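The values are calculated or read from the model by the stated rules, or taken from the named source; none is laboratory data. Just so we're clear, the structure is a prediction, and the values are computed from it rather than from any experiment. For neighbour counting, all protein chains shown are included, and Cβ atoms are generated from backbone atoms with ideal geometry for every residue, glycine included.
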Amino acid sequence: MKIVSNNFYLIFIFFLLSSTSLLSQENVKISKCDQLLDAGYVSNGQEYKTQLNENNKAKFHTTFYGGSYYRVIACTDNNNYPLIFSVFDTEKNLLFCNKDYQYTPYWDFTFSSTIDCIIEFELKSEKPINDEVLMLIGFKEK
């Protein structure tokens with residue numbers, strides 16, 4: 001009976017340590033993005049996280065309200081390829097692309113009126129990459 005009990009505890013400890021390791025890996029990515037949310041920006045309280053599709057792309061839709069300053073932050077754990085993020089209006093007019101700014105992980109901007117936007121992410125690779133992207137949006141009043 002004691003052997004079964006010891007095995008149970010060993011299995012329980014293994015799962016506990018495994019889940020703690022996974023949570024700490026998750027927090028590294030989030031804290032990496034959170035570090036870029038400074039200079040008076042406050043998170044909108046959401047974490048936009050998704051898996052890249054088979055073309056190594058992901059897309060988010062969001063609304064930015066006029067009269068606020070915003071910071072969009074893009075993160076991934078993939079260090080082999082730069083993360084490209086582009087912001088478009090709903091008519092697919094390009095408003096910003098970090099590729100034109102040495103792949104900066106964030107963009108600070110303001111709109112004079114409310115606008116719906118599409119934010120696209122991409123890792124340039126010939127082969128599919130099984131990776132996630134994380135986006136944070138911070139804001140501050142004018």
Inset, instruction - Could you please find all residues in the range 90-106 being modelled with pLDDT under 95 and part of a strand (DSSP E or B)? - result: TYR106
Inset, instruction - Can you tell me which residue among GLU120, GLU132 is at pLDDT 95 or above and among the charged types (D, E, K, R)? - result: GLU120
Inset, instruction - Check off (1) in a strand (DSSP E or B); (2) touching a residue at least 40 places away in the same chain (Cβ under 8 Å) for SER113 and give me the number that stays unchecked. - result: (1)
Inset, instruction - Give just the number: which of (1) surrounded by 12 or more Cβ atoms within 10 Å (Cβ to Cβ); (2) more than 14 Å from the chain's Cα centre (by Cα); (3) under 23 Å from GLY45 (Cα atoms) does ALA74 not satisfy? - result: (2)
Legend entry - strands (runs of 3 or more DSSP E) (entirely within the range 6-89) containing at least 3 residues that are within 19 Å of LEU134 (Cβ to Cβ) and at pLDDT 90 or above: 57-64, 68-75, 83-89
Legend entry - So ALA74, is it in contact (Cβ under 8 Å) with a residue 60 or more places away in the chain, out of contact with any Gly (no Cβ under 8 Å at 6 or more places or on another chain), small (Gly, Ala, Ser) and farther than 16 Å from LYS32 by Cβ: no
Legend entry - Count of residues meeting criterion [small (Gly, Ala, Ser) and within 17 Å of TYR48 (Cβ to Cβ)] in the range 94-142: 1
Legend entry - Of all residues making up the range 104-119, the number that are under 16 Å from ALA58 (Cβ atoms) and surrounded by fewer than 16 Cβ atoms within 10 Å (Cβ to Cβ): 0
